[in-house]
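The values are calculated or read from the model by the stated rules, or taken from the named source; none is laboratory data. Owing to the predicted nature of the structure, the values given are computational and were not obtained by experimental measurement. Counting neighbours? That spans all protein chains shown, and the Cβs are built from the backbone with ideal geometry, glycine included.
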Amino acid sequence: MDFSVPVRVQELTRRVRQFVDAEVIPYEAAVDDHEDGIAPDALARLRAKAKSEGIFAPQLPIELGGLGLTLEEIVPVFEAAGRSTLGPLALNCSAPDEGNMHLLHMFASPEQVERYLKPLAAGETRSAFAMTEPAPGAGSDPTMLQTSAVRDGDDWVINGHKWFTSGADGAAFLIIMAITNPDVAAHKGATLFLAPIDAQGIEVLRRVPIMGGNDPGGHCEIKFHDLRLPASAILGEEGQGFALTQKRLGPARMTHCMRWTGIAQRALEIATRYATERQAFGSALSGHQSIQWMLADSATELHAGRLMIQHTTWLLVNGNDARQESSMCKVFVAESVNKVLDRAIQICGAKGISRDLPLSRWYEAARAFRIYDGASEVHRMVIARQVVKQFGGDAAR
Ligand SMILES: Cc1cc2nc3c(=O)[nH]c(=O)nc-3n(C[C@H](O)[C@H](O)[C@H](O)COP(=O)(O)OP(=O)(O)OC[C@H]3O[C@@H](n4cnc5c(N)ncnc54)[C@H](O)[C@@H]3O)c2cc1C
């Protein structure tokens with residue numbers, strides 16, 4: 001086992017941390033003032049600075065303007081960026097664009113690369129991934145997909161209803177999951193399409209109001225009314241929608257975990273500082289055992305989460321499917337980050353609840369970590385199926 005981090009990655013991590021502390025964190029105070037969390041001109045300035053400092057898009061290949069790091073190498077870099085929710089935005093490695101860029105890099109045609117990926121990689125545009133549907137459509141169970149694409153001559157005509165499409169308001173394009181062959185099992189009959197947001201037939205109904213969410217482009221409800229797309233709008237091949245989505249989601253779950261660890265680590269630092277400075281009952285709070293145990297539990301869970309991220313990314317980089325490990329990691333990190341934030345607020349008392357600290361905002365945002373990209377219960381189901389299978393049983397219904 002070699003847990004050492006290459007020197008150039010350590011160096012980059014240090015520079016990203018410095019950039020986030022000095023340039024990004026000052027913008028946090030105004031997150032509540034803007035529906036995107038940051039004004040577009042301020043974000044453009046931060047991105048230009050990140051480019052000039054050579055820390056922009058660490059996950060992207062060099063030919064797309066990135067730093068060419070592997071999934072394993074980005075672990076500490078993304079954590080450093082994630083110390084502020086605005087950090088990954090400044091570096092163009094935030095969800096959903098980061099996962100969408102990864103997907104396009106793997107499967108886009110040369111024309112799609114020029115039209116969609118290059119401007120996205122440069123930080124000039126935003127994107128959105130439209131899979132989830134309101135009931136009775138696909139949510140936790142993607143095989144319930146209702147959005148349909150029907151062939152008409154050389155075109156496809158899409159009708160359907162999506163919601164929680166993150167970033168759709170103001171995005172340049174959508175990646176849409178639709179059923180193209182209703183006669184086979186859904187995981188073989190779905191296809192991904194690329195559609196410019198201004199295409200006729202796309203109606204962005206609203207940003208769904210949510211807790212903790214001043215995110216660029218919101219989380220949108222969308223309807224497709226006879227959206228007509230050419231065959232060249234298909235991403236990958238017809239019928240590959242589920243397979244491609246899995247290729248996106250595996251690494252994307254890991255990058256979520258890396259960024260979430262960044263805010264959790266900072267929450268622990270904020271709580272520890274408060275506990276060492278604030279006096280109560282004759283000593284600093286940090287002198288009381290119940291406070292020490294909270295700090296200890298948070299530090300331990302952060303350490304365990306980091307090891308799970310390291311191991312799972314190592315498996316993925318070495319060509320393993322790592323389905324079970326990425327589910328374990330996603331459940332553990334999503335839940336432990338919620339606990340770390342909860343303890344940090346408790347330690348900071350009323351100040352923790354206030355907006356003087358970022359903890360309350362992160363606490364609101366972190367609740368969704370246990371739901372999106374697979375609810376904890378669904379990941380536990382995946383893990384349990386494997387556990388039962390190892391004993392010759394069958395946990396699938
Ligand atoms: C902030 C946010 C951003 C999002 N961004 C996107 C996006 O960009 N694109 C996109 O397509 N989707 C997005 N989603 C949607 C997200 O992926 C879904 O919410 C998630 O897959 C769960 O689907 P659902 O909400 O329909 O829950 P449902 O399927 O209705 O399930 C409800 C609850 O039932 C439980 N449950 C489900 N299945 C099981 C089971 N087998 N066993 C036990 N319990 C179970 C879980 O607790 C789950 O939370 C986003 C969601 C949020 C909150």
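Points to keep in mind about this one:
- Screening the candidates 171, 190 for the property of being farther than 20 Å from residue 88 by Cβ, surrounded by 22 or more Cβ atoms within 10 Å (Cβ to Cβ) and not assigned by TED's automatic domain parsing to the domain that holds residue 31 yields one hit, 190.
- Summed over region 306-350, residues that are outside any helix (DSSP H, G or I) and among the hydrophobic types (A, V, I, L, M, F, W, C) total 1.
- Top-ranked residue of region 22-64 - restricted to ones that are assigned to a helix (DSSP H, G or I), at pLDDT 95 or above and among the β-branched types (Val, Ile, Thr), ranked as nearest to residue 114 (Cα to Cα): 62
- Checked against the criterion of being within 16 Å of the ligand (Cβ to nearest atom), buried (at least 20 other Cβ atoms within 10 Å of the Cβ) and within 30 Å of residue 209 (Cβ to Cβ), the candidates 372, 363 yield just one match: 363.
- Some residue of region 232-249 being closer than 16 Å to residue 359 by Cβ and touching a helix residue (DSSP H, G or I) at 6+ places or on another chain (Cβ under 8 Å): no
- Among the criteria (1) more than 16 Å from residue 365 (Cβ to Cβ); (2) in contact with an Asp or Glu (Cβ under 7 Å, 6 or more places away or on another chain); (3) assigned to a helix (DSSP H, G or I); (4) away from the ligand (no atom under 14 Å from the Cβ), the one residue 206 does not fulfil is (3).
- Considered as a group, the residues in region 351-360 that are surrounded by fewer than 21 Cβ atoms within 10 Å (Cβ to Cβ) and part of a helix (DSSP H, G or I) include one that is nearest to the ligand (Cβ to nearest atom), and that residue is 360.
- The residue that is farthest from the ligand (Cβ to nearest atom), among those in region 67-92 that are in a helix (DSSP H, G or I) and not hydrophobic (A, V, I, L, M, F, W, C), is 76.
- Cross-chain or 6+ apart pairs with Cβ under 7 Å, region 151-175 first and closer than 19 Å to residue 242 by Cα and among the basic types (Lys, Arg), then within 16 Å of the ligand (Cβ to nearest atom) and part of a strand (DSSP E or B): 162/130; 162/222
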